[in-house]
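Notes to accompany the following structure.
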Amino acid sequence: QVQLVESGGGLVQPGGSLRLSCAASGNIFSIHAMGWYRQAPGKQRELVAAITSGGLTTYTDSVKGRFTISRDNAKNTVYLQMNSLKHEDTAVYYCNALLRVWVHSAPGDYWGQGTQVTVSS
């Protein structure tokens with residue numbers, strides 16, 4: 001089994017910062033990419049940022065310049081540093097990993113349970 005455990009969410013004032021962490025554990029052969037998605041009430045889940053095993057990153061336009069994704073491959077952990085937070089960043093943030101559980105298996109998507117981020121004064 002594979003588990004993705006997130007931490008670091010919470011309540012923060014506009015302009016503040018939070019750092020999310022997500023650690024993958026279990027029967028993992030290799031991780032191709034890890035990322036963060038978010039879902040606000042009444043909206044579809046959207047990609048926030050992602051990073052490949054080689055360090056290539058992508059961000060949704062609304063967070064460019066404010067959020068930074070990073071990864072510790074040795075710990076199978078991905079981080080999301082969120083600065084200059086805005087009300088519209090309020091959402092449940094989900095960790096995602098595209099990984100193989102075995103050398104001959106196809107890559108599959110795995111998800112964390114989600115962590116709430118609330119930006120409010």
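Pairs linking a residue in the range 54-74 that is over 19 Å from residue 31 (Cβ atoms) and basic (Lys, Arg) to a residue that is outside any strand (DSSP E or B) and open to solvent by less than 70 Å² (accessible area, probe 1.4 Å), with Cβ atoms under 7 Å and 6 or more positions apart or on different chains, are 66/83; 66/84.
In the range 27-57, the qualifying residues are those that are of a type outside the set (A, V, I, L, M, F, W, C) and within 13 Å of residue 73 (Cβ to Cβ), and the one that is nearest to the chain's Cα centre (by Cα) is 52. Scanning the range 1-26 for residues that are open to solvent by 60 Å² or more (accessible area, probe 1.4 Å), within 16 Å of the chain's Cα centre (by Cα) and over 21 Å from residue 67 (Cα atoms) returns a single hit, 3. Residues in the range 56-78 that are of a type in the set (Gly, Ala, Ser) and at positive phi: 65 only.
If the condition is being of a type outside the set (A, V, I, L, M, F, W, C) and over 23 Å from residue 120 (Cβ atoms), then the range 80-103 contributes 96, 100. Take the conditions out of contact with any strand residue (DSSP E or B) (no Cβ under 7 Å at 6 or more places or on another chain), open to solvent by less than 70 Å² (accessible area, probe 1.4 Å) and either under 15 Å from residue 22 (Cα atoms) or not hydroxyl-bearing (Ser, Thr, Tyr) (or both) and apply them to residue 55. Does it pass? Criteria met by residue 55. Take the conditions outside any strand (DSSP E or B), free of Cβ contacts under 8 Å to residues at least 12 places away in the same chain and either of a type in the set (Gly, Ala, Ser) or on the phi < 0 side of the Ramachandran plot (or both) and apply them to residue 16. Does it pass? No: the conditions fail for residue 16. State all residues of the range 27-47 that are closer than 14 Å to residue 116 by Cα and open to solvent by less than 20 Å² (accessible area, probe 1.4 Å); if no residue qualifies, say none. If the condition is that a residue be closer than 14 Å to residue 116 by Cα and open to solvent by less than 20 Å² (accessible area, probe 1.4 Å), then 36, 38 are the ones that fit.
Any residue that is of a type in the set (Gly, Ala, Ser) and modelled with pLDDT under 95 - is there at least one of those in the range 88-107? Steps first, please.
Residues of the range 88-107 of a type in the set (Gly, Ala, Ser): 91, 97, 105-106.
From the residues that got through so far, the ones that are modelled with pLDDT under 95 too are 105-106.
There is at least one residue in the range 88-107 that is of a type in the set (Gly, Ala, Ser) and modelled with pLDDT under 95.
The values are calculated or read from the model by the stated rules, or taken from the named source; none is laboratory data. These figures come from a predicted structure and were not determined experimentally. Note that we place each Cβ from the backbone using ideal geometry, even for glycine, and neighbour counts take in every protein chain shown. Surface areas here come from the heavy atoms of the whole protein model, side chains and all, with no ligands, DNA or RNA. Shrake-Rupley method; radii C 1.70, N 1.55, O 1.52, S 1.80 Å.
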